[in-house]
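Here's the structure, in structure tokens; my notes come after.
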């Protein structure tokens, strides 16, 4: 342990004040100088030896235990174990050195440990920012044997933590309202026959099977009606393009547009992988981040670990550059979900990028609405400035609706949604495309 601070304790201050008062009384009473010297020397010697003892490293062993993976805004316990290897009891204050992304519910606790015993102190952690975090050290404030001095010691820990989005809140009933099938526990497969549908197995004929499902060759061999059973085609490719520019930093309930998008898309990856399809994801801003060809539900952690610490920067969206980069990496036909927040200027930049993307892929544009426009429209009109703001917001809304209608005419799956309803919209888009055999 490293000594970082050494200071007088409250007891030493009180003792000094008492000694000064005593000296003042002795001076008035004309006490002998030898007595005065003794009165000064004894406390000074005690304070000096206590000071030297306080500088000696205490016989303490410190360790910290907690889950290395944290959920954003979720409370998580941290347990500090302190072993006292000395032959005397000790009282100390315990505090934890953390990254700024994590806060402690009770920053400092006092603990008394008997000789040759150990104590366990529980703290509560709460992360308020995604990404990497660290518990760097445990700080102990230890009193000297006579309690005249306090020394702060630092026990290094270097515990690396990862703060992920809180999927339990995103996957709640409220957020999943409107989803065709809840993705966490698996999706109900629709068996049907047609283009893009894979043969699964032969089985006995059931009432309601179409004549086209009957396998006549198997029927003649077994001398009873045998039907073919089909399931949705697997091994399809789903690609997400996530806008990580400054527009996605707009604040909404429970986080920014980007936070909502990242939460929803990570849960989408879980659904896609459980369905046996391929999942790729690209974020685009000043620095492109790309994760290609993930398959299998067991690999959903690869997606989370690749994007959990991503934040939007202050750059503007360059859709055309992002689309060209994607096509260079993946030209095979896939379902591409482009998730962004559109404004008045970005639609002109988006149109040529969408046309280029459509030459290779089935495109779904998921636009996260900026609630500021609707808030202006909902405000009462009481003066001229209110009316001007209302008309401007209405013009923006009408222009946006016209642009979305234009995209739909071009064959784009164009969807508007609020941040809180992003999850059901992206899931339903994927499920509807998969069930329809559009790929």
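For the range 130-160: of the residues being surrounded by 16 or more Cβ atoms within 10 Å (Cβ to Cβ) and not in a strand (DSSP E or B), which is modelled with the highest pLDDT?
Among them, the one singled out is 130.
Would you check if residue 317 is more than 20 Å from the chain's Cα centre (by Cα), buried (at least 17 other Cβ atoms within 10 Å of the Cβ) and in a loop (DSSP other than H, G, I, E, B)?
Yes.
Which condition number does residue 202 fail, the rest of (1) free of Cβ contacts under 8 Å to residues at least 24 places away in the same chain; (2) farther than 24 Å from residue 436 by Cβ being met?
(1)
Go through the residues of the range 275-283 one by one and say whether even a single one is within 21 Å of the chain's Cα centre (by Cα) and over 12 Å from residue 339 (Cα atoms).
Checking the range 275-283: at least one residue is within 21 Å of the chain's Cα centre (by Cα) and over 12 Å from residue 339 (Cα atoms).
Looking at 274, 247, can you tell me which residue is more than 22 Å from residue 167 (Cα to Cα), in contact with a helix residue (DSSP H, G or I) (Cβ under 8 Å, 6 or more places away or on another chain), surrounded by 15 or more Cβ atoms within 10 Å (Cβ to Cβ) and in contact (Cβ under 8 Å) with a residue 60 or more places away in the chain?
Of the residues listed, the single one that is more than 22 Å from residue 167 (Cα to Cα), in contact with a helix residue (DSSP H, G or I) (Cβ under 8 Å, 6 or more places away or on another chain), surrounded by 15 or more Cβ atoms within 10 Å (Cβ to Cβ) and in contact (Cβ under 8 Å) with a residue 60 or more places away in the chain is 247.
Among the residues of the range 259-275, is any assigned to a loop (DSSP other than H, G, I, E, B) and either at positive phi or in the same structural domain as residue 423 (by TED's automatic domain parsing) (or both)?
The answer is yes; a qualifying residue exists.
Those residues that are within 12 Å of residue 367 (Cβ to Cβ) and under 32 Å from the mean Cα position of the chain (by Cα), I need them from the range 381-420; list them, please.
400, 404, 412, 413, 414, 415, 416, 417, 418, 419
What is the one condition in (1) surrounded by 13 or more Cβ atoms within 10 Å (Cβ to Cβ); (2) part of a loop (DSSP other than H, G, I, E, B) that residue 88 does not satisfy?
Just one mismatch for residue 88, condition (1).
Need pairs with beta-carbon distance below 6 Å; first residue at pLDDT below 90 and within the range 285-304, second surrounded by 12 or more Cβ atoms within 10 Å (Cβ to Cβ) and not in a helix (DSSP H, G or I); sequence gap 6+ or separate chains.
Once the first residue is at pLDDT below 90 and sits in the range 285-304, its partners that are surrounded by 12 or more Cβ atoms within 10 Å (Cβ to Cβ) and not in a helix (DSSP H, G or I) give 285/244; 285/245; 285/313; 285/315; 286/313; 286/315.
List the pairs whose first member sits in the range 339-367 and is farther than 17 Å from residue 240 by Cα, whose second member is surrounded by 15 or more Cβ atoms within 10 Å (Cβ to Cβ), and whose Cβ atoms are under 7 Å apart, counting only residues at least 6 apart or on separate chains?
Taking only residues 6 or more apart or on different chains, the pairs are 343/247; 344/396; 346/317; 347/403; 349/319; 349/320; 352/320.
Here are the criteria: (1) in a loop (DSSP other than H, G, I, E, B); (2) over 26 Å from residue 156 (Cβ atoms); (3) more than 29 Å from the chain's Cα centre (by Cα); (4) touching a residue at least 40 places away in the same chain (Cβ under 8 Å). Tell me which single one residue 30 does not satisfy.
With (1) in a loop (DSSP other than H, G, I, E, B); (2) over 26 Å from residue 156 (Cβ atoms); (3) more than 29 Å from the chain's Cα centre (by Cα); (4) touching a residue at least 40 places away in the same chain (Cβ under 8 Å) applied to residue 30, the lone miss is (4).
Within the range 68-85, which residues are part of a loop (DSSP other than H, G, I, E, B) and either at pLDDT 95 or above or under 23 Å from residue 309 (Cα atoms) (or both)?
Across the range 68-85, the qualifying residues are 68, 72, 73, 74.
Listed here are the residues, each with its yes/no results for (1) touching a strand residue (DSSP E or B) at 6+ places or on another chain (Cβ under 6 Å); (2) farther than 26 Å from residue 149 by Cβ; (3) modelled with pLDDT of 90 or more.
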{"residue": "23", "(1), (2), (3)": "no, no, no"}
{"residue": "34", "(1), (2), (3)": "no, yes, no"}
{"residue": "46", "(1), (2), (3)": "no, no, no"}
{"residue": "52", "(1), (2), (3)": "no, no, no"}
{"residue": "66", "(1), (2), (3)": "yes, yes, yes"}
{"residue": "87", "(1), (2), (3)": "no, no, no"}
{"residue": "91", "(1), (2), (3)": "yes, no, no"}
{"residue": "97", "(1), (2), (3)": "yes, no, yes"}
{"residue": "105", "(1), (2), (3)": "yes, yes, no"}
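From the list 220, 227, which one is over 30 Å from residue 308 (Cα atoms), buried (at least 17 other Cβ atoms within 10 Å of the Cβ) and at pLDDT below 85?
Going through 220, 227 in turn, the sole match is 227.
Would you confirm whether or not the range 1-23 contains a residue that is assigned to a helix (DSSP H, G or I), surrounded by 11 or more Cβ atoms within 10 Å (Cβ to Cβ) and in contact with a helix residue (DSSP H, G or I) (Cβ under 6 Å, 6 or more places away or on another chain)?
Yes.
The values are calculated or read from the model by the stated rules, or taken from the named source; none is laboratory data. Here the structure is a predicted model, which is why all the values come from computation and not from measurement. All Cβ positions, even for glycine, are placed from backbone atoms using ideal geometry, and neighbour counts span all protein chains on display.
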